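Step one of this worksheet: look at the structure below.
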């Protein structure tokens, strides 16, 4: 199960990143910047929405429903001609082990989560002629290791471009 948590109100981190990308890094092709906490969960359930609602009724382990909401499996969005979504996943190599959190969730909610991965997901909307061109632009401008990569700390984080067709809906 894929869970994409987002801020209900203005995400100041995404707003700041978008402003920096446009105004200071001069990446005018990047038109929109959104940020999600991406949870990849392996759990035996027939109804993902019901399972998630039950989990959130009992805990704040994955997100705080007072200030956050979530999408399951895909991120809805509108697609404009000449604009492409480039999804950049940021994985923290220091905190990959989520076994303690899995145990807490299983104990508190009487469920059987077998695997849990947490990462940050940036959805960047880029003006380009193709998805490949948009992806190359993001890699060169924001992820290039020759420069200081903007979206991650290269000391303890790794980036990966995800397939937008598998995650973006709409």
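The values are calculated or read from the model by the stated rules, or taken from the named source; none is laboratory data. Everything quoted here is computed from the prediction, not taken from an experiment. Here the Cβ is made from the backbone with ideal geometry for all residues, glycine too, and neighbour counts use every protein chain on show.
Taking the stated definitions as given, is residue 55 outside any loop (DSSP other than H, G, I, E, B), within 25 Å of residue 156 (Cβ to Cβ) and either out of contact with any strand residue (DSSP E or B) (no Cβ under 7 Å at 6 or more places or on another chain) or at pLDDT 95 or above (or both)?
Numbers: outside any loop (DSSP other than H, G, I, E, B): yes; within 25 Å of residue 156 (Cβ to Cβ): no; either out of contact with any strand residue (DSSP E or B) (no Cβ under 7 Å at 6 or more places or on another chain) or at pLDDT 95 or above (or both): yes.
Answer is no for this residue.
Evaluate the stretch 71-82: report whether one residue or more is part of a strand (DSSP E or B) and farther than 30 Å from residue 46 by Cβ. Working first, answer last.
Initial filter on the stretch 71-82 (part of a strand (DSSP E or B)): 71-72, 75-76.
Subset that is farther than 30 Å from residue 46 by Cβ: none.
No, the conditions are met nowhere in the stretch 71-82.
Quick check, is residue 28 under 20 Å from residue 138 (Cβ atoms) and not in a strand (DSSP E or B)?
Values: under 20 Å from residue 138 (Cβ atoms): yes; not in a strand (DSSP E or B): yes.
When the stated conditions are applied, residue 28 passes them.
Report, by residue number, each residue of the stretch 111-161 that is assigned to a strand (DSSP E or B), in contact with a helix residue (DSSP H, G or I) (Cβ under 9 Å, 6 or more places away or on another chain) and surrounded by fewer than 18 Cβ atoms within 10 Å (Cβ to Cβ). Steps first, answer last, please.
Initially, the stretch 111-161 is screened for residues assigned to a strand (DSSP E or B), giving 113-127, 157-161.
So of that shortlist, the ones also in contact with a helix residue (DSSP H, G or I) (Cβ under 9 Å, 6 or more places away or on another chain) come out as 113-116, 118, 121-127, 159, 161.
Hits for the stretch 111-161 are 114, 115, 127, 161.
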